[in-house]
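First the structure, in the form of structure tokens, and then the observations on it.
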Amino acid sequence: MTRVHLIASGGVQGVGFRFTLQAVATRAGATGWVRNRADGTVEAEVEGPAEAVAAVVEWARTGPRGGWVDQLRVTELPEEGSNVFEIRRDG
């Protein structure tokens, strides 16, 4: 199992980034959460099998159609053991 913290910057709010990330993560078999931040970035934590997390990170490097990612910061975290993927309130 792998867990990462992501912060995506660019045109990532108002383009369906959170909803699409949730769908990509769920399809890949990953869990975690995603939310918009007040500074215009999107923050997420993704956990699951290494290949599932890698697929989510790869998608997050470009984001959804209509948006763009200038920078994706990825930080590894210790496992937490979540069992769902949720969209959280803006932070």
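The values are calculated or read from the model by the stated rules, or taken from the named source; none is laboratory data. Nothing here was measured: the structure is a model prediction, and the numbers come from that model. Glycine gets a Cβ as well: all are built from the backbone with ideal geometry, and neighbour counts include every protein chain shown. Keep in mind that these areas ignore ligands, DNA and RNA; they rest on the heavy atoms of the full protein, side chains included. Shrake-Rupley method; radii C 1.70, N 1.55, O 1.52, S 1.80 Å.
Assorted remarks:
- Distance from segment 38-79 to segment 1-29 (C-alpha centre basis), Å: 5
- Fraction of accessible area attributable to carbon and sulfur, segment 39-78 (%, probe 1.4 Å): 51
- The heavy atoms of Ser9 offer some 30 square angstrom of accessible surface to a 1.4 angstrom probe.
- Cα-centred dipole magnitude for the chain, charges only on beta-carbon of K, R (+1) and D, E (-1), debye, nearest 20: 340
- Looking at the chain, the accessible area is 55 square angstrom per residue; that uses a 1.4 Å probe and ignores ligands, DNA and RNA.
- 13 Å beta-carbon shell around Val57, net charge (K/R +1, D/E -1): -2
- Among Pro64, Pro78, Pro49: highest mean-square fluctuation, GNM of the chain, C-alpha pairs under 10 Å: Pro78
- Using alpha-carbon coordinates, inclination of helix 17-28 to the longest axis of the chain, degrees: 20
- Of the residues Gly48, Gly11, Gly81, the one that moves most in a GNM of the chain with alpha-carbon contacts below 10 Å is Gly81.
- When Rg and the Kirkwood radius Rh are both evaluated on Cα atoms of the chain, their ratio Rg/Rh stands at 0.92.
- 0 to 90° range, to nearest 10: angle between helix 50-60 axis and the chain longest Cα axis: 0
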